[in-house]
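Here's the structure, in structure tokens; my notes come after.
Please treat every number below as a calculation from the coordinates, not as lab data. These numbers were taken from a predicted model, which means no experiment stands behind them. Cβ coordinates were reconstructed from backbone atoms using ideal geometry, including for glycine residues, and neighbour counts include every protein chain displayed.
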Amino acid sequence: MKQIRSYIPQYLLRLHEADWHCQCPTCQQDYPFVIIDWQDQRRYSASLSCERVAQDILFNADAFVLHSAEEMSAAAWQPNQLQQKINQGCINLAISDAGDIPVKLYAIGIYINQMMKLSADDVAQITRCGEEFSRLLAQGALAEHFDLLPVISKYKLQAVRALSATRLDTTLDARAGMALSLKLNEFTVLADNYLEQNLTALDQDAQLATFMQQHRQLWQNFILYRCYHHLFPLNSQDAFLALCGDVYLLKILCGLLIQSEIELDEVRISALFAAMERQPVRLTCDADMLLVGLSLLK
Ligand SMILES: [Zn+2]
């Protein structure tokens, strides 16, 4: 047994205050609370696949305020130093005041790519790299680079085709659920050029753009959840592609509801995020995962 530091996020404290009666599809199977334990740290968490948990994580600015304590642990597993540093570096970029969500994700993707070239012993270089990226993001330099990225539709089409082929198990109310499945079914029969026109229209939809701006905190918390709960990216660039894919497809789902004139309230948004967490849409790719991930951000 060893003395370690443990962390409890604010969202969990709030959830524990109430008796647990959630009847969402996740809670009907299992209790959503988990402990992520390694040799020198313990993180208390709950799965975003539960709708009640999703709502608390996504809609509270203080969800990831962490409360710390000393505890004893006998955990055997240990992420290496580099994995822990990259995880912390991603958290630092996610919580930066600068940059819209796509720019933060761009920063995270390029940062991970640079860091994975380093060895865990290269402590000075690891620290310098994290500071450098935070500074470039704060100065707006990464936003300028991001603006220069070309728009590539190919991978957006593939991602939406994968989404259409997945029967998302949401608990949306009948009207919203019906509207969404009609749109997604329509997508499955559209030829590529028509589907591309639809996706471009969504990318340019002013109401969706406003929604994304107004819910910046929600998307930031979604990235923080990935870092805190899943120790993103741990050891692979597929994790970055999966995160970009989820953000892109959740944005599309929100856009489709907006187009159907269905109000995006907290309950509906939480149901969408929880469903995607329960049933992730797996993206395959025939090219560099970083580039494919980045192409989903523009
Ligand atoms: Zn639940």
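Observations on the structure shown:
- In loop segments of the stretch 255-298 as defined by DSSP, the GluC sites (Glu not before Pro) with at most 15 further C-beta atoms inside 10 Å of their C-beta are Glu261, Glu263.
- Percentage, to the nearest whole number, of Cα pairs in the stretch 2-73 over 14 Å apart: 60
- At most 10 other Cβ within 10 Å, DSSP loop - trypsin sites (Lys or Arg not before Pro), the stretch 150-242: Arg167
- In Hz, Karplus ³J(HN,Hα) per residue of the stretch 137-151 (6.51, -1.76, 1.60; θ = phi - 60°; x = Gly, Pro): 5, 5, 7, x, 5, 6, 5, 5, 4, 4, 4, 7, 5, x, 8
- The sum of -39500 (n - 2.57) across all DSSP H runs of n ≥ 4, divided by the residue count of the chain, sets its helix-only mean residue ellipticity at 222 nm to -19000 deg cm²/dmol.
- Selected from Met178, Met276, Met212 as most flexible by GNM, with the chain as the system and alpha-carbon contacts under 10 Å: Met178
- Estimated from the Cβ-Cβ distance and a Förster radius of 25 angstrom, the FRET efficiency linking Thr188 and Gln279 is about 0.90.
- Modelled FRET efficiency - R0 45 Å, Glu263 with Glu196, Cβ distances, 0.05 increments: 0.95
- Here the Debye sum runs over all C-alpha atoms of the stretch 238-298 as equal scatterers in vacuum, and log10 of I(q)/I(0) at q = 0.26, 0.29 Å⁻¹ comes out as -1.05, -1.18.
- Measuring gaps between exposed loop sites in the chain (chymotrypsin sites (Phe, Trp or Tyr not before Pro); DSSP loop; at most 16 other Cβ atoms within 10 Å), the longest gap, sites not included, is 78-298.
- Here, the chain is characterised by an Rg to Rh ratio of 0.96, where Rg is the alpha-carbon radius of gyration and Rh the Kirkwood radius.
- At 1.002 mPa s and 20 °C, Stokes D of the stretch 81-148 from Kirkwood alpha-carbon radius, µm² per second: 181
- Simple rule: put +1 on each Lys or Arg Cβ and -1 on each Asp or Glu Cβ in the stretch 161-226, find the dipole, and look at Ala165, Asn221, Tyr194; the Cα lying farthest toward the positive end is Asn221.
- In nm, spacing of pseudo-spin labels at Gln39 and Leu13 (7 Å Cα→C-beta vector): 3.1
- Counted by Cβ distance under 11 Å from Arg128, the other residues give a net charge of -2, where Lys and Arg count +1 and Asp and Glu count -1.
- The stretch 154-295 - Debye-derived log10 I(q)/I(0), Cα point model, q = 0.16, 0.19 Å⁻¹: -0.88, -1.27
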